[in-house]
Each structure stands twice: as structure tokens, then as C-alpha cells.
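Presented below is the structure to which this report refers.
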Amino acid sequence: MNKTKFRQFVEFLLKNNLVIVPQYNVEGYLHLAELKNPKDLYLGTELPLDSWKWYLIPPFQKMFDYKNDQFKEILPKVGKQIFLGVSILDLQALTLLNQVFEQDPYYQEIKKKTIVIGTSHVPKENFYKYFAKFEEDKLEHLQFDIFLAVQKNGYKIYSGSEDGQRLLDKFKYKNYQHIEYAGPIREEGLDQQMVSVMDGMQNFHEQKIWDDLGKRCMQCGKCTIACPVCFCFRMYDQSNLEKDSGYRSRCWDTCFYNEFTQVAGPAPAAPKHRLMNTTSQKIYFWYEHHFVRTPASFSLPGCVGCGRCTRTCPADIDIFQTQRDILKARQRKK
Amino acid sequence: MLNEYKTYNCKILKVTPEASDSKTFTLSLPYKGFSFEPGQYVMASIPGFGEAIFGIASEMNDKKSIQITVRKVGTLTSELHNKKKGDLIGIRGPYGRSFPIDLAKGKNVLIVVGGIGIPPLRPLILDALENPKKYNKVYIFYGCRDESTLLYAKEYPAWKNVCELSLTLEKPLTSKYAKGLVTTLFDVKDIPADAIAFMCGPPIMYKFVLAKMLDKGFKPENIFISLERHMDCGQGVCQHCAIGTKYVCKDGPVFSYAELMNFKSWLSPI
Ligand code: SF4
Ligand code: SF4
């Protein structure tokens, strides 16, 4: 698809849909927002500060309304939305979220109305080397509807779902190739980098790494908000002003907060018991989720190497450096 | 699409005060065909007060009702305590991996419980009463703070027909019961080390009891422990209850000690 055709394609998408894209805001930050003017669309190697999860697992989500003792399911009311310009790294993140929330009616309600259009752009600085070079056979392990592989004078187009095919057909574009999703595991087996970091954390534990991080981290939780694959949530009830009515909802949570592992409470007199009490325990738990638990449960990397956490961290904690430290400790102890 | 978060209204059929700060609620079944195994739990809720997990405490074969025992510790449990016969409680579940009672068939069984840890093991005790031949000898070690916190006290005479019940109190108010922590029972009672052990209680209890048991020659793979964790979803998504590669809500709450030994102790997996 050459550049002129692509411009027409964007205009075609804008005609009937809400299109969310990376674009610069007035302060000069690249972030995600609804595309109003095709000129504002940014397609390039820089990643937006915020991640696509905002639009799939909203920070706050109503689950049920209640009146007296009766609960009524409230599914999110969203229209059709198109994510345009999802970096291949973020596609990897979305592929994971799709697995995690496979049985979740709230996620699925939004997902089924969402068209994901990926691109082969990857940030220049990226510890997760796998996507540094784009190859077509990497696509069959990612979930997307349409994919734009960057070429000299435009994009090579792939479809990854029937929804994607239908959309391209409607635009009367024929020159695309279909890729069938083949599950998370690649022909060459599990991602080697994923396996080594996991092995390092599980079998070559080095307490010093975590004690040092524990001294620097201030438990602000920003990294969990920035990360495209952090999805912890907490559920709570909120009553309305009107008597005996209200809602049950969920909102993002972060494992850096004290209440995260607290049992019994919150009455002032209740005994409080927490499983994680120190900062190093918490930051270890965070890394463990990304580098151990997710690969073990889904055979997918729990960190896509986007570097958003490093960019946001006020304590300058660099996840790529920590990965290098884990790998170094593994080398040393092996 | 099926919504696992949907809660089913259960009618309170009976409220039985239990010790000084607990109550047992007998509830109508959440839905037809509800069944569970000892050690599994439900999410109980009241609109406006949220949800919390409770081990199912009733007889497995009861096809008409289930029971949960609730100690008053927080906002939700206080509100539950205000509920009367005929009121409704929301229930979803059952969730989690149960105690492997099949493994205990024909064998000696040791139940070690502390404080509010006894409800999830009551189905097993009731099962032993119902089928006295199913297990070989059943020993119960139960430790509590004082007389006023002993749960299910009225049932002890019946339990004693089939099980060997040993009670110990940390701060007894009378001289009727032995004084001391549950660990002291291991010094007084001789328990065959081939027994399958089931435990539920505060984490601090596990530490000392496990040391005693390993000392006596129990095998880690024959010791089963129920863990308590903060849980929100109950299906391995929200991450609150994660330990290592596992989720207490769905891979547990019951783990063998052999499994738990694989987790990093500095993260206090028990
Ligand atoms: S680099 Fe950081 S923000 Fe990006 S996926 Fe990995 S953990 Fe999440
Ligand atoms: S952003 Fe940095 S300081 Fe804040 S919780 Fe994450 S690692 Fe700690």
C-alpha cells in the first residue's frame, strides 16, 4: 500500500469509527488519543507513553449495579473502536492480555468491538531483541486484525482475522496476505531470552539485586500503570446516595501498595496481616509476575521490552539493567 | 458470555452463634447441583460491603444447604453478623483445590488446626463421622486462644466417638483444658508418622508445627496446608494471591508441603 493509498485508508477508517492512535499532545509527549485530523497520526519507532490497555481494561470498570439484594450485570458500553499504529511490541502485549482475559466478559465485550492495526515499528532502544528485525513468520504468533509492515514506499499489508479481512475488502484493497494465528509457541520453541531470565530468577536467586532495588524503589506504583502488560485489579463496592443501591466495580491495583496482600480488615481494630512487608519483596513480586509467572502460565513473555516502566520510574530503576543483573548472576552461579 | 463474577443469592436458613465472636450461617444452595470438596471456599458478599472468602464448613453430602463460619473482624464480616434468618447472602464458587481426601482413605489422618482455621476441615471431620471405616485413625489437634474462641464446641462429644480430639489453649480461663500452643500436643501425643496431615491456621502456627512434624518423620508430600491470601477474583487473574508461579485461589488454597518448599521463603509463601 503506497503512501497515497494509505492516506485514503486512514480517511476511510475515520469516516465511521473512533480511531485511537499515537499522537503528540501540546506538551510534546507522544500519547494515545482519538484521531481527529489524519495529519496528527504518528507512525514511527517511538512508543506512546501510555499503553493500549487503557482502552481494553479501563482503570475503572463497573461490573454490576445492585438494588437491595439484586445484582445486575453491567457490560461496558463501547462503540466500535480502531487501534491504529500498535507497535509489534505492543501487539505482543495485547496477545498476552487476550489470553489472560479470555474468560472475562467485560474484556471480551470491548475486545470484540475493537480492530487492532499493528505496525512493524520498534523503538531503537529495546532490550527484548526478538522484534528488532521484522520477519514475516513472527506474525503468526501475534493476534491482530491488520498489520502494516514498513517498506520503503509504504506498507505491506497483512490480515490476521476475518474482521481485518472484511475491513480491507470494504476499502476495496486486495493486495494483502492473510496470516492465521498459530498460538503463542514458536517453531523454534520458547523465547530464549524469556527462558534465561526466568531460569535466573527461579534457580539462581541473588538477594543483593532485590535488596538494592528495595532501597531505591519508593513504591509509587507508576511502573505498573505505565506497563502494557500490568493488569492487576481490585474489586470493591460503592453505594449510591440513594438507599440500598450502588455498584460493584473493579479498578487497577498495584502490587506496590500495602493493601495488596493484606488479609482481614479494614476495621481499625482488625488484625492486619500482610504477606509482603518490605519494598524488596514487592519489587521482586512485580518482576516475578513479568519474568516467571506469566511465561509459566502462558508460554508468553511477561515483558515485551517497551521500556515504559523505566521511562516513568522516578527512582531511575532500569528494568533492562535488572535483567542484565539477573542474567549475570545466572552466569556466575551456573 | 458466562460471568464468573456473578453472585447467587442464598437465603439464610439458620444462624448459630459460635464462640464469642463467630457465627455459623446455614444457607440455601446457591444453585442446583452445587457441590464441593473439603478445603474449597466460596466468595460471600453483601451489596455495598464487598466480598471475602470463606472455607465451606458443612457436610459434603448435604444436598440442601451449605454452611460458612464467620468471625467478626472487619466491615463485611460485621455486616454479615447483622444478618438474620431469612436474609440473603451473595455466594459465588466453589473455588480452589481441596484437601486430597482420597489419598487419606484407609490411612491415619492428622488434622492440625488453629483458631479460625478449623471451618474448612470440618467437612472432613463430618465425613469421618459419617463413614467411620473410611479412614483409619483420625486425630485432631486444635489450638485456640481461650475457651471463648473454641468453634463447634457442642459437636465435640460426637467427634470424639470417631476421632481423637486434643484441645489446647494459649490462655485458658479454667483448668478444663491443656495450656499451650498446638505444637505442645506433639510432645504429649504419639501420632503415627505415616499419617496424612491436613492443616489450617495462622502462618506462624505452620512454621512451628512443620518443624515438629518433620522432626517426627512426617514426609513433606503427606502434609497438606491451606493458605490464606487476599483474593479478589478467585480465578487466577487479579494477582493478589500469587506465590511463585502459582495462584493460591485456583492452584491452592491447599498445597502439599513438598510443593511449598519450592517457593522462596523470603517472600513468606506460608
Ligand atoms: S519494559 Fe517495563 S513497561 Fe514494558 S513490558 Fe516490560 S515491564 Fe512492562
Ligand atoms: S516506578 Fe520505580 S519507584 Fe515507582 S514503584 Fe515502580 S520501580 Fe518503584
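Mean per-residue shielding of peptide B:74-84 is 2, counting Cβ atoms of other chains within 10 Å of each Cβ. Taken along the Cα-to-beta-carbon direction at a fixed 7 Å, the label points for A:N175 and A:K112 span 3.6 nm. Taking the DSSP bridge list for the protein assembly as shown and keeping only pairs wholly inside it, about 60 percent are antiparallel. Take the Cα of B:K84, go 7 Å toward its beta carbon, and the backbone nitrogen atoms of region B:1-42 under 19 Å from that spot belong to B:10-18, B:23-28. Label-to-label distance, B:S35 versus B:E170, with points set 7 angstrom from Cα along the beta-carbon direction: 3.9 nm. Can you give me the C-alpha center-to-center distance between region A:270-308 and region B:87-117, rounded to a whole angstrom? Using only Cα atoms, the two centres lie 29 Å from each other. Rolling a 1.4 Å probe over the heavy atoms of the protein chains gives region B:129-230 an accessible area of 50 Å² per residue.
Reported to the nearest whole Å, the Cα centre-to-centre distance from region B:168-239 to region A:109-168 is 53. Remark: the Cα gyration tensor places region A:1-155 in the prolate category, a/c being 1.5 or greater and a/b exceeding b/c. Heavy-atom accessible area with a 1.4 Å probe sorts B:M213, B:M205, largest first, into B:M205, B:M213.
Percent of Cα pairs in region B:107-187 per distance bin of 5 Å, from zero to the largest separation: 3, 15, 27, 25, 17, 8, 3, 0.
Note on region B:165-215: Cα convex hull, mean projected area over all directions, 4.0 nm².
Per the Debye calculation on region A:192-333 with a single equal scatterer at every Cα and no solvent contribution, log₁₀ I(q)/I(0) for q = 0.08, 0.11, 0.13, 0.19 Å⁻¹ amounts to -0.27, -0.48, -0.65, -1.18. For A:Q103 and A:N37, FRET efficiency with R0 = 41 Å and r from the beta-carbon atoms, rounded to 0.05? My answer for the efficiency is 0.60. Legend: mean number of C-beta atoms from other chains within 10 angstrom of residue C-beta atoms, peptide B:226-239, equals 5. With coordinates expressed along the principal axes, the C-alpha atoms belonging to region B:113-270 extend over 45, 32, 31 Å, beginning with the largest. Over the C-alpha trace of chain B, radius of gyration and Dmax come out as 18.0, 59 angstrom. Computed over chain A, the per-residue total of -39500 (n - 2.57) for DSSP H runs of n ≥ 4 gives a 222 nm mean residue ellipticity of -9000 deg cm²/dmol, rounded to 500. Computed from label points 7 Å out along Cα-Cβ, the spacing between A:N2 and A:D211 is 6.5 nm. Distance from the Cα centroid of region A:7-38 to that of region B:17-48 is 51 Å (rounded to whole angstrom).
Expressed as a whole percent, the accessible area of the protein assembly as shown that falls on carbon and sulfur atoms is 52 (1.4 Å probe). Max-minus-min Cα coordinates of region B:1-61 on each principal axis give 43, 32, 21 Å, with the largest extent listed first. Legend: Rg and Dmax of region B:28-90, from Cα coordinates, 11.8, 32 Å.
Is region A:169-225 rounded, prolate or oblate when judged by the Cα gyration tensor, a ≥ b ≥ c being the square roots of its eigenvalues, rounded requiring a/c under 1.5 and prolate requiring a/b larger than b/c? The shape class here is oblate.
Give me log10 I(q)/I(0) at q = 0.06, 0.11, 0.12 Å⁻¹ for the protein assembly as shown, Debye formula, one equal scatterer per alpha-carbon, no solvent. Log-scaled intensity ratios, in q order: -0.38, -1.09, -1.23. Taking 37 °C and 0.692 mPa s as conditions, region B:186-270 diffuses translationally at an estimated 241 µm²/s according to Stokes-Einstein applied to its Kirkwood radius (Cα pairs). Classify chain A as rounded, prolate or oblate from the Cα gyration tensor: take a ≥ b ≥ c as the square roots of its eigenvalues, call it rounded if a/c is under 1.5, otherwise prolate when a/b beats b/c and oblate if not. It comes out oblate by the Cα gyration axes.
Probe 1.4 Å, all protein chains in place: accessible area of A:H178 in Å², nearest 10? Estimated to the nearest 10 Å², A:H178 gives 70 Å². Ligands, DNA and RNA excluded, the heavy atoms of B:E37 present near 80 Å² of accessible surface to a 1.4 Å solvent probe. Summing both sides, the accessible surface hidden between A and B at a 1.4 Å probe radius is close to 3600 Å². The figure for A:V10 is an accessible area of roughly 10 square angstrom, using a 1.4 Å probe on the protein chains alone.
The values are calculated or read from the model by the stated rules, or taken from the named source; none is laboratory data. Every value quoted in this text rests on a predicted model; they were computed, and no experiment measured them. Here the Cβ is made from the backbone with ideal geometry for all residues, glycine too, and neighbour counts use every protein chain on show. Keep in mind that these areas ignore ligands, DNA and RNA; they rest on the heavy atoms of the full protein, side chains included. Shrake-Rupley method; radii C 1.70, N 1.55, O 1.52, S 1.80 Å.
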